[in-house]
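Each remark here refers to the structure printed beneath this line.
The values are calculated or read from the model by the stated rules, or taken from the named source; none is laboratory data. Note that this is a predicted model, so its numbers are computed, not measured. All Cβ positions, even for glycine, are placed from backbone atoms using ideal geometry, and neighbour counts span all protein chains on display.
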Amino acid sequence: MSYFYYLPESGDASIGRMSQPIQSTTYRNHFFYAGTAVAFALSVFVGFSRTYYFRGLFGTPHLSTLKHIHGAVFTLWMVFFVCQTLLVSAGRTDLHRRIGWAGAIFALAIAVLGGVMTFQSVRDGYASGRPGMALLLINGVIDLLLFCGFFAFALIFRGRKDIHKRLMMLAMISLIIPALGRFPVPGGMIKWVICAFSLTGVIYDLVFLRRLYLTNIVGALLINAGSPLRFMIADTEAWQKFSEWFTR
């Protein structure tokens, strides 16, 4: 999201006044998206603090090698996303674009590793007799589908910065849903936490830009529609049999 300073010639005060609100909006956009990226990273840290980052303090059972790899790669991805956002805020869109394709490969690895991790967790759950494995599987499937869908469209619309950045934010919200689900709040409030995150972009556009982007509206609808859909699918006998067979 590059921007240029315009220095009006002597006597061209009207153009100078016009450039001020444009620059103000640009600064506000940079602050919002950089701040949101940092908030996403902090949410992941809070959500997985008990089971990963501070597991020693909470008596978390031993983690497998796969879980350690998943946690490390996921953490690096969050750091990468924050850095990419900060590069845009600093006006280094050239570097942002240059390493963007590396980010695409990184995102593909995140999706594959997330799928493997979900499969293994469900399989281990069935082996130990834990309940709710059908729900865990559909949660992983929907989260990954949302992330991959938003990210793919973000790549397609990388030339449209207004659409690209909103799709990337939606992709990240989809990816951190498991972290939001582990927030230290009552279980009934989790869906409202996810809803609040999904509506962040919509509220910002409406309050500060005085307009609505279809990208954010559709994205928020897809994320929130997935919440009841997960339970509906998980409760069906067909999905429960499929999940048990698939992870056997």
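The rows are residues; the columns are (1) of a type in the set (D, E, K, R); (2) assigned to a helix (DSSP H, G or I); (3) at pLDDT 90 or above.
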site	(1), (2), (3)
Ser10	no, no, no
Pro21	no, yes, no
Thr25	no, yes, no
Asn29	no, yes, no
Phe40	no, yes, yes
Thr51	no, yes, no
Lys67	yes, yes, no
- request: Evaluate the following for Gly226: is it modelled with pLDDT under 90, surrounded by 15 or more Cβ atoms within 10 Å (Cβ to Cβ) and within 25 Å of Ala111 (Cβ to Cβ)?
  value: yes
- request: Determine the pairs where a residue that is of a type in the set (Val, Ile, Thr), located within the range 95-111, has a partner that is assigned to a helix (DSSP H, G or I) with Cβ atoms under 6 Å apart, the partner being 6 or more residues away or on another chain.
  value: Ile110/Trp77
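Conditions tested, residue by residue: (1) among the hydroxyl-bearing types (Ser, Thr, Tyr); (2) without any contact (Cβ under 8 Å) to a residue 60 or more places away in the chain.
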{"position": "Lys191", "(1), (2)": "no, yes"}
{"position": "Leu199", "(1), (2)": "no, yes"}
{"position": "Tyr204", "(1), (2)": "yes, no"}
{"position": "Phe208", "(1), (2)": "no, no"}
{"position": "Val218", "(1), (2)": "no, yes"}
{"position": "Arg230", "(1), (2)": "no, no"}
{"position": "Ile233", "(1), (2)": "no, no"}
{"position": "Trp245", "(1), (2)": "no, yes"}
- prompt: Quick check: is even one residue across the range 104-111 of a type in the set (Gly, Ala, Ser), out of contact with any helix residue (DSSP H, G or I) (no Cβ under 8 Å at 6 or more places or on another chain) and exposed (fewer than 14 other Cβ atoms within 10 Å of the Cβ)?
  reply: no
message: For the range 142-162: of the residues being touching a Ser or Thr at 6+ places or on another chain (Cβ under 9 Å), surrounded by fewer than 19 Cβ atoms within 10 Å (Cβ to Cβ) and among the aliphatic types (A, V, I, L, M), which is farthest from Ala107 (Cα to Cα)?
response: Leu145
